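The values are calculated or read from the model by the stated rules, or taken from the named source; none is laboratory data. Nothing here was measured: the structure is a model prediction, and the numbers come from that model. Because the Cβ atoms are built from the backbone with ideal geometry, glycine has one as well, and the counts that use them run over all protein chains shown. The protein model used for the area step is the full one, side chains on, heavy atoms only, and it has no ligands, DNA or RNA in it. Shrake-Rupley method; radii C 1.70, N 1.55, O 1.52, S 1.80 Å.
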Amino acid sequence: MSLYAAAAFTPQQARAAAADDTINSSLCYGFVADVAAVRIDPLTLQLTVEKLSTVHDAGTVLNEALLQGQVHGAVAHAVGGAFYEEMRYSDDGQLTTGTFMDYLCPTSAEAVFPLVSEHVQTPSPYTRLGAKGCGEGSSMSVPAALANAVADALSPLGVDLNALPVHGDVLHSLMEGER
């Protein structure tokens, strides 16, 4: 004989998809704001992140160390999307970046820069402990912050940036007017 029980809880504020395909399936949205400062060497076009600041409102912080780990991991993921990870194809449509020899996922060596991480605690009124989401916030907003910092650095030169990733090949092509 075995004992088995199943239960489901759906808060009344959560809504299924509406006719216009809008949905509110979560009650724990976190909020994040990021600001980045970059330097581009005028001779070599080497791109350096001088400072990155991120502020998260994850509601009630239940474990500061875990939250910091999530933020640092998301920032490393974001650096990859902003500067390194690119799917390239040959003229005949063959993937040319199909291995980690060709496609760099950032490690701690690539994500070394001053990071300021702060937290605001605005408890969620819909969760018992007041916690909100935070795990991947910076992986979406940091690439935009880094791209905007690079665009600001290039704008006095009349160079427009409109795509990611931004790495050495891209910077050289932009400076030569090829992209």
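Some values worked out for this structure:
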item: Dipole axis of the chain (+1 Lys, Arg; -1 Asp, Glu on Cβ), positive-most option in CYS134, LEU43, LEU161; result: CYS134
item: Note, ³J(HN,Hα) from phi for segment 75-91, Karplus 6.51, -1.76, 1.60, rounded to Hz, x at Gly and Pro; result: 5, 4, 4, 5, 4, x, x, 7, 10, 10, 7, 8, 8, 10, 10, 6, 4
item: Phi-based couplings in Hz for segment 58-69 (Karplus 6.51, -1.76, 1.60; Gly and Pro marked x); result: 9, x, 5, 7, 8, 8, 4, 5, 5, 4, 4, x
item: HN-Hα J in Hz across segment 161-166 - Karplus 6.51, -1.76, 1.60, θ = phi - 60°, x for Gly and Pro; result: 10, 9, 7, 10, x, 10
item: Neighbourhood charge, 14 Å Cβ-Cβ cut-off, centred on LEU52 and excluding it, Lys, Arg +1 and Asp, Glu -1; result: -2
item: For the chain, projected area of the alpha-carbon convex hull averaged over all directions, nm²; result: 17.4 nm²
item: Per residue accessible area of the chain, 1.4 Å probe, in Å²; result: 65 Å²
item: Gyration tensor verdict on segment 18-79 (Cα atoms; rounded if a/c is under 1.5, prolate if a/b is larger than b/c, oblate otherwise); result: oblate
item: Accessible surface of segment 114-179 [probe 1.4 Å, protein heavy atoms]: carbon and sulfur percent; result: 51 percent
item: Mean projection area, nm², convex hull over Cα of segment 135-174; result: 2.9 nm²
item: Volume per residue that the Cα convex hull of segment 67-157 spans, once the total is divided by residue count, Å³; result: 173 Å³
item: Choice from LEU66, LEU146, LEU161 with maximal GNM fluctuation in the chain (Cα, 10 Å cutoff); result: LEU66
